[in-house]
1. I'd like to check something: does segment B:119-130 contain any residue that is within 16 Å of the chain's Cα centre (by Cα) and free of Cβ contacts under 8 Å to residues at least 60 places away in the same chain?
2. Go through segment A:68-113 and report how many residues are among the hydrophobic types (A, V, I, L, M, F, W, C), assigned to a helix (DSSP H, G or I) and open to solvent by 50 Å² or more (accessible area, probe 1.4 Å).
3. On the basis of being modelled with pLDDT of 95 or more, more than 7 Å from chain B (Cβ to nearest Cβ) and within 30 Å of B:Val122 (Cβ to Cβ), does A:Asp154 make the cut?
4. What do you reckon, is B:Thr137 more than 9 Å from every other protein chain (Cβ to nearest Cβ) and either under 30 Å from B:Ala39 (Cβ atoms) or open to solvent by less than 10 Å² (accessible area, probe 1.4 Å) (or both)?
5. For residues that are in contact with a His (Cβ under 7 Å, 6 or more places away or on another chain) and assigned to a loop (DSSP other than H, G, I, E, B), scanning just segment A:29-60, find the one that is surrounded by the fewest Cβ atoms within 10 Å (Cβ to Cβ).
6. For A:Asp26, only one of the following conditions fails: (1) surrounded by 21 or more Cβ atoms within 10 Å (Cβ to Cβ); (2) within 14 Å of chain B (Cβ to nearest Cβ); (3) assigned to a helix (DSSP H, G or I). What is its number?
7. What number of residues within segment B:71-86 satisfy the criterion of being in contact with a helix residue (DSSP H, G or I) (Cβ under 8 Å, 6 or more places away or on another chain) and not hydrophobic (A, V, I, L, M, F, W, C)?
8. Within segment B:114-125, can you find the residues that are within 7 Å of chain A (Cβ to nearest Cβ) and surrounded by fewer than 20 Cβ atoms within 10 Å (Cβ to Cβ)?
Number of protein chains: 2
Amino acid sequence: MYYRMIAQCAQMLKNLESWLDKAEADAAAKKFDVGVLMAGRLAPDMKPFIYQVQSACDYVKAPAAWLSGQTPPRHEDAEQTIDEVRARIRKTVDFVESVKEDQYAGASERKIGMSWAPAGKVLGGGDYLLQMTIPNTFFHVAMAYAVLRHNGVDIGKMDFLGPVNWIDA
Amino acid sequence: MYYRMIAQCAQMLKNLESWLDKAEADAAAKKFDVGVLMAGRLAPDMKPFIYQVQSACDYVKAPAAWLSGQTPPRHEDAEQTIDEVRARIRKTVDFVESVKEDQYAGASERKIGMSWAPAGKVLGGGDYLLQMTIPNTFFHVAMAYAVLRHNGVDIGKMDFLGPVNWIDA
């Protein structure tokens, strides 16, 4: 379930990548710089779109590493353009997809630290997945969605959900 | 994992319930009707706050029922006031918490239909949890958050995350 859940989080990043194409097309059609959307915020004291993407990426990269006994690759938060945002998503997804299912054996028994955790405190593997990875990933992906949606980009909930594995009844 | 994941989704509804208190306090302090926030939207062609809550509730109620072999209780979408929104969350959480862990035995083998699925198509239990329940629950909870945050309610990411089970390192 660790493997499948983290794969679903990576899928959310791929969905986000597809919204970038719509953002770019919208900016071109309305003749404004797509950088306006990249710097867009929902509130003045909230982080901009690019930060939301960087943060979403890190909340998917980290569990793929820590829960498989690896140290996460370092990705600098230096993105400024839409193509750099695409590249950040791509290298994150590539790393996550490099981790095979059997590497998550023992994930439940791992203890995971967070830089902002209370002193001397960590999370067990299951809680790290359920209370940290999933809520944070979806939070930042959804805030990125909200910035674009609020600014008129033509995305809808099916773009948020992405592919669905329908099977015969 | 079904049990724990659906419990985490129910926790997100409880977190949302706590934002309502902040929304109410904010409206009182700034002397406006909190109903303005209940009807708030991120975009003119997007559903309002109350709908986001109703939808989040239904995306948590349904898997608790279908994945445990039950029919979901019917909850009319009739809420108009903040107290009615609180009651909708409360009855949803009460139902979800009435389902015990062992009732999810066999959840993986269940096939779940959606009213808007392609003709003759359903989802397997795992995909229903990962591709439908979690993304939709977090989508609607996050959109509710975004409406409040965009309108100046003093909520932050720790309000979104809710309780975290820190343990000793």
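1. Looking for residues that are within 16 Å of the chain's Cα centre (by Cα) and free of Cβ contacts under 8 Å to residues at least 60 places away in the same chain, one finds at least one in segment B:119-130, hence yes.
2. The qualifying residues number 1.
3. Answer is yes for this residue.
4. No; evaluated as a whole, the condition is false for this residue.
5. Only one residue tops the list, namely A:Ala43.
6. Only one criterion in (1) surrounded by 21 or more Cβ atoms within 10 Å (Cβ to Cβ); (2) within 14 Å of chain B (Cβ to nearest Cβ); (3) assigned to a helix (DSSP H, G or I) is unmet by A:Asp26, namely (1).
7. So the answer is 9.
8. B:Ala117, B:Pro118, B:Gly120, B:Lys121, B:Val122, B:Gly124
The values are calculated or read from the model by the stated rules, or taken from the named source; none is laboratory data. Just so it is clear, the model here is predicted, and its values are computed rather than measured. FYI the Cβ positions are ideal-geometry reconstructions off the backbone, even for glycines, and counts take in every protein chain you see. The protein model used for the area step is the full one, side chains on, heavy atoms only, and it has no ligands, DNA or RNA in it. Shrake-Rupley method; radii C 1.70, N 1.55, O 1.52, S 1.80 Å.
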